[in-house]
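Engineer: Submitted below is the structure of interest, expressed as structure tokens.
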Amino acid sequence: MIKKIKSYYNKKTRNIFTGYLFIFPWLVGFLLFTLWPMIYSFYLGFFDVRLTPRGIRTSYQGFENFTEAIFSDPVLLENVFEYLQQIILHVPVIIVFSLIIALLINQDIKGQGFYRTIFFLPVIILSGPVIEQLMAQEATTIPGIGDYTLFNIIDNIDWTIMEWISDLFEEIIMVLWFSGVQILIFLAGLQKIDNSTREAAMIDGASAWEMFWKITLPAVKPLIIVNVIYTVIDISTFDLNPIIIYIREQMFNVFTGFGYSSALGWLYFILISSILIISVIILNIREAW
Amino acid sequence: MNWVFKYKNIVKKILFGGARAEEGIIYKFIIYALLTVIGFVYLYPLLYMLANSFMNLSDLISSSIRWVPSGLYLENYRRALQIMDVTNTFWQTLLVAGLPAVLQTISTALVGYGFGRYKFPGRRLLFLLMLATFIIPPQVTMIPRYLLFSRYDILGTFYTFVFPAILGQGLRSAIFVLIFYSMFKQIPDALVEAAKIDGAGNVKIFYKIAIPLSIPAIVIAFLFSFVWYWNETYLASIYFGNVFSTLPLELQNFADSFAQMYGGAGDSPMNQLNEAIIMAGTLVTIGPLLILYSISQRWFVESVDRTGITGE
């Protein structure tokens, strides 16, 4: 009996040990490369920081940077509002859209490789200098939207409708560009679904619709959460995000300085975290429901 | 109300395939149309660049030529290859992107496995910390990290990319940990138990069961890492200084210096010609990524057969 208990505990401690062993690289990396930059930038949020040729000069300010950002920065507030709007509108659409695309290119179609390559393009283009190049060229928005005769006709009818439609169009294209990674994550998840389960369900007379809800969706469900997290963070930290642009502007602004931008960064961190917590809660409620 | 159901059925069939073969053809057609239309949005900028990169000066200026160049004009590519010093830069870029990508894939797979398959004290806290490192905008911690690297005295070396990648702190490492975490968590416990009874150790279970079951995730993690490291210009420029250069960096340098010389956008012929060279350079820069992807996406399909082992 004692032996059994002993071996049970041995096994358990060994399991704990193995678990630590697997995450060990991350733990070391976190302590070596990430912890200090995080703490330091947080710490700088309480200072007035000047980057001078002679080095960094700091003077303690208490919570001033934070209170100023929250209570007396109208530009920030405006950007936050725009950002929240983007999140609420885009995240659900991106998730649904990328799941649909993943389902479509997962089917047995001709030119699968070709389509899959096309849907990898946003991953390549959205990162790196290419996107800035393209945005400068307005090549990402199907330029000459106004040049197309279709839109000229609409233009003649009513200017506001035309504007609304082209706005909507631009939003859709935005969503498309931000869906690349998510499509592939879903695709990887769909690959994992066991074919024999599907065949068995088919023999039992399950319709494709039922199979989607009973087999496919539960299987990709964890990836939906992964994708929501990714999408929120991707939109939030994208280089051309209004808040990120603002934070970066403040970083080298002579009047506010690095301390203020650090404080902004950490307030932004809290905002993003709250959004993520809310989305995970919503997803879990859906599960219970 | 009848039409609503009819409509719903059509949508269902588009998404999940038709029940009967003869119906399938129509729905297949709709699928192709849908994919092509959406794909066009992604292809458009490429086609636009492709067309412009083959245009000579008179094509570029001419208002009648918009898409089809009057001839196959390769001078833009010749200039772009020369400016970016491609033969030299390509191998550096391959190294700068390839090695960290491989290391990052390995380390995040291990970490994801640890978080997904083991219970240990502090697991939740560490997992949340890992997410926190992803949430905090990299722009905020960048300068402190730079200072840290300079204290470690690794600035201007390849280590600035390699060390964080080995230790799960690379570019967006957390998303890969998260992907691996959710993939490994889905492995049926029965399978792992069976292997244990057969006498397989922890490490053996990892590479004999978990890894083969997660090939698509591994392919994805490697591809994303590779692309993100390949395209990373900002960090590369501040970490490497002038020691290394990558294709996107060279491209950006050229674009910047030309923007300084000619004061940015404008419709002057000189501007347009340089734009055409930049577009040629852009295509040269992303070309290898497309080739890599079209090769590796094969594993996506192959892995389907492998998942058959899961039979439970």
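Each reported figure results from applying straightforward, stated rules to the coordinates on display, with no laboratory input. These numbers come from a predicted model, not from an experiment. Note: ideal-geometry Cβ built from the backbone for every residue, glycine included; neighbour counts use all protein chains shown.
Engineer: Return the distance in nm (one decimal) between the two label points of a simple spin-label model at residue A:82 and residue B:70, each offset 7 Å from Cα along Cα→Cβ.
Structural biologist: 4.3
Engineer: Just counting partner chain Cβ atoms within 10 Å, what average do the residues of peptide B:173-186 show around their Cβ? Each step should come with its number before you reach the end.
Structural biologist: Numbers: counts 3, 4, 8, 0, 2, 8, 8, 0, 2, 9, 7, 0, 1, 6.
If you average over the peptide's residues, the count of other-chain Cβ atoms is 4.
Engineer: Hey, rough spin-label estimate for residue A:217 and residue A:16, points 7 angstrom out along Cα→Cβ, what's it come to in nanometres?
Structural biologist: That separation, rounded to one decimal, is 4.0 nm.
Engineer: A further question on this structure: Compute the semi-axes of the equivalent ellipsoid of the range B:24-130, taking the square root of 5 times each eigenvalue of the Cα gyration tensor, and list them largest first in whole Å. Spell out each step's value before the answer.
Structural biologist: Details: eigenvalues 408, 151, 27 Å².
Working from the Cα gyration tensor, I get semi-axes of 45, 27, 12 Å.
Engineer: Estimate the FRET efficiency between residue A:277 and residue B:61 by the formula 1/(1 + (r/R0)^6), using the beta-carbon distance for r and 51 Å for R0, to the nearest 0.05. Before the final figure, lay out each step's value.
Structural biologist: Working: r = 56 Å, r/R0 = 1.09.
Calculated transfer efficiency: 0.40.
Engineer: Would you list A:249, B:232 from fewest to most Cβ contacts within 10 Å?
Structural biologist: Numbers: A:249 12, B:232 22.
Least to most surrounded, the residues fall as A:249, B:232.
Engineer: Contour minus end-to-end for residue B:260 and residue B:296, with contour as 0.36 nm per residue of separation and end-to-end as the Cα-Cα distance?
Structural biologist: On the way: separation 36, 0.36 × 36 = 12.96 nm, distance 3.96 nm.
Here the segment from residue B:260 to residue B:296 would lengthen by 9.0 nm.
Engineer: In terms of the Cα gyration tensor, with a ≥ b ≥ c the square roots of its eigenvalues, is chain B rounded because a/c is under 1.5, prolate because a/b exceeds b/c, or oblate?
Structural biologist: On the way: a/c = 2.41, a/b = 1.23, b/c = 1.96.
Oblate.
Engineer: While we're on this one: If R0 is 25 Å, what FRET efficiency do you get for residue A:249 and residue A:64 from their C-beta distance, rounded to 0.05?
Structural biologist: On the way: r = 19 Å, r/R0 = 0.77.
Computed FRET efficiency for residue A:249 and residue A:64: 0.85.
Engineer: What nm value, rounded to one decimal, do you get for the distance between residue A:201 and residue B:26 when each label is placed 7 Å out toward the C-beta?
Structural biologist: Each label point is offset 7 Å from its Cα along the Cβ direction, giving 2.6 nm.
Engineer: Just how far, in whole angstrom, is the range A:59-98 from the range B:55-76 if you go by their alpha carbon centroids?
Structural biologist: 45
Engineer: Oh, and also: Using only the Cα atoms, what convex hull volume per residue in Å³ does the range B:181-227 have?
Structural biologist: Values: hull volume 3.2 nm³, N = 47.
Each residue corresponds to 67 Å³ of Cα convex hull volume.
Engineer: What helices does chain B have that are whole DSSP H segments, at least 15 Å long along their own axis by Cα, and with mean Kyte-Doolittle hydropathy of -1.0 or more? Mind dumping the intermediate values first?
Structural biologist: On the way: long enough: B:2-16 (21 Å, 0.13); B:21-53 (44 Å, 1.27); B:86-117 (45 Å, 0.83); B:123-135 (18 Å, 1.78); B:138-152 (20 Å, 0.08); B:173-185 (18 Å, 1.72); B:215-231 (24 Å, 1.69); B:247-262 (22 Å, 0.08); B:269-296 (41 Å, 1.10).
Helices meeting the span and hydropathy rule in chain B are B:2-16, B:21-53, B:86-117, B:123-135, B:138-152, B:173-185, B:215-231, B:247-262, B:269-296.
Engineer: Averaged over B:101-108, how many beta carbons belonging to a partner chain fall within 10 Å of each residue's beta carbon? Spell out each step's value before the answer.
Structural biologist: Values: counts 0, 0, 1, 0, 0, 1, 4, 2.
The per-residue average across the peptide is 1.
Engineer: Beta carbons within 10 angstrom, averaged per residue: use that to sort the peptides A:58-67, B:141-150, highest first.
Structural biologist: Working: A:58-67: 14.4, B:141-150: 19.0.
So the peptides A:58-67, B:141-150, ranked by packing, come out B:141-150, A:58-67.
Engineer: Of A:110/B:208; A:221/B:208; A:11/A:221, which pairs sit farther than 29 Å apart, going by alpha carbon to alpha carbon? Could the numbers behind the result be given before it?
Structural biologist: Values: A:110/B:208 33 Å; A:221/B:208 25 Å; A:11/A:221 32 Å.
Cα-Cα > 29 Å for A:110/B:208; A:11/A:221; rest within.
Engineer: Here is a follow-up. At a Förster radius of 60 Å, what calculated FRET efficiency corresponds to the Cβ-Cβ distance of residue B:36 and residue A:8, to the nearest 0.05? Let's see the in-between values first.
Structural biologist: Working: r = 59 Å, r/R0 = 0.99.
About 0.50, to the nearest 0.05.
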